[in-house]
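Visitor: Before I ask anything, here is the structure I am working with.
The values are calculated or read from the model by the stated rules, or taken from the named source; none is laboratory data. Please read these numbers as outputs of a predicted model, since none were measured by experiment. Here Cβ is always computed from backbone atoms with ideal geometry, including for glycine, and neighbour counts include all displayed protein chains.
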Ligand SMILES: [Zn+2]
Ligand SMILES: [Zn+2]
């Protein structure tokens, strides 16, 4: 018997999400998301400015500063964080470019754990599973709790390794 060296489906779809993320023009974050029904790919999206509007590579990132409460050495501290608000997040673009009927009972594979706003929108979009790779600790607690309340399977591919050619050059 010839051994089956094909990738499992989780790896297959997460690889596609990472390939899609390479389309992003934001130098701070490359996020890709795909919609999957069964084993069928129904849509792809990445983070970017609305089409026809200058993106981060042309106009630069649009930086917003905010303070975030984090634990440092067991103590709560306020840390100033910067993020780019020019782009529509990959998960939101995925919802804008797919049909509700296709989303019912589908899975979303996304390179990064969704932020609170995206998670809220995904929860109301008809999908029943979210699979992600890179953690986003800031919103993780409340996002995980909400997914549980909603009955959406929410899981991280912990041992997954992205295709090397998709490794993004990210400025921090
Ligand atoms: Zn940007
Ligand atoms: Zn988001």
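Visitor: Looking only at region 147-165, count how many residues are modelled with pLDDT under 95 and loosely packed, with under 10 Cβ neighbours inside 10 Å.
Guide: Within region 147-165, residues that are modelled with pLDDT under 95 and loosely packed, with under 10 Cβ neighbours inside 10 Å number 2.
Visitor: Then there is this: Which one is surrounded by the fewest Cβ atoms within 10 Å (Cβ to Cβ), of the residues in region 96-120 that are in contact with a helix residue (DSSP H, G or I) (Cβ under 6 Å, 6 or more places away or on another chain) and over 25 Å from residue 8 (Cα atoms)?
Guide: Restricting to residues being in contact with a helix residue (DSSP H, G or I) (Cβ under 6 Å, 6 or more places away or on another chain) and over 25 Å from residue 8 (Cα atoms), the top hit is 116.
Visitor: Still on this model: Any residue at all in region 146-166 that's within 17 Å of residue 43 (Cα to Cα), within 16 Å of ligand 2 (Cβ to nearest atom) and in a loop (DSSP other than H, G, I, E, B)?
Guide: no
Visitor: Check every one of the strands (runs of 3 or more DSSP E) wholly within region 5-99 and list those with 1 or more residues that are within 16 Å of the chain's Cα centre (by Cα).
Guide: On the way: elements: 32-37, 40-46, 63-72, 75-84.
Passing ranges, in order: 32-37, 40-46, 75-84.
Visitor: Starting from residues that are part of a loop (DSSP other than H, G, I, E, B) and touching a strand residue (DSSP E or B) at 6+ places or on another chain (Cβ under 6 Å), keep the ones in region 102-135 and report whichever is nearest to residue 32 (Cα to Cα).
Guide: 113
Visitor: How many residues does region 56-77 contain that are surrounded by 13 or more Cβ atoms within 10 Å (Cβ to Cβ) and closer than 22 Å to residue 136 by Cβ?
Guide: The number of residues fulfilling the criteria is 4.
Visitor: On to the next question. Of the numbered conditions (1) modelled with pLDDT of 95 or more; (2) touching a strand residue (DSSP E or B) at 6+ places or on another chain (Cβ under 6 Å); (3) more than 16 Å from residue 121 (Cβ to Cβ), residue 48 fails exactly one; give the number of that condition.
Guide: Evaluating residue 48 over (1) modelled with pLDDT of 95 or more; (2) touching a strand residue (DSSP E or B) at 6+ places or on another chain (Cβ under 6 Å); (3) more than 16 Å from residue 121 (Cβ to Cβ) leaves (2) as the failure.
Visitor: Considering only residues that are over 14 Å from residue 84 (Cα atoms) and modelled with pLDDT under 95, which ones fall in region 24-38?
Guide: Result: 38, single match.
Visitor: If I filter region 20-28 for residues that are crowded, with 21+ Cβ neighbours inside 10 Å and more than 16 Å from ligand 1 (Cβ to nearest atom), do I get at least one hit?
Guide: Among the residues of region 20-28, at least one is crowded, with 21+ Cβ neighbours inside 10 Å and more than 16 Å from ligand 1 (Cβ to nearest atom), which makes the answer yes.
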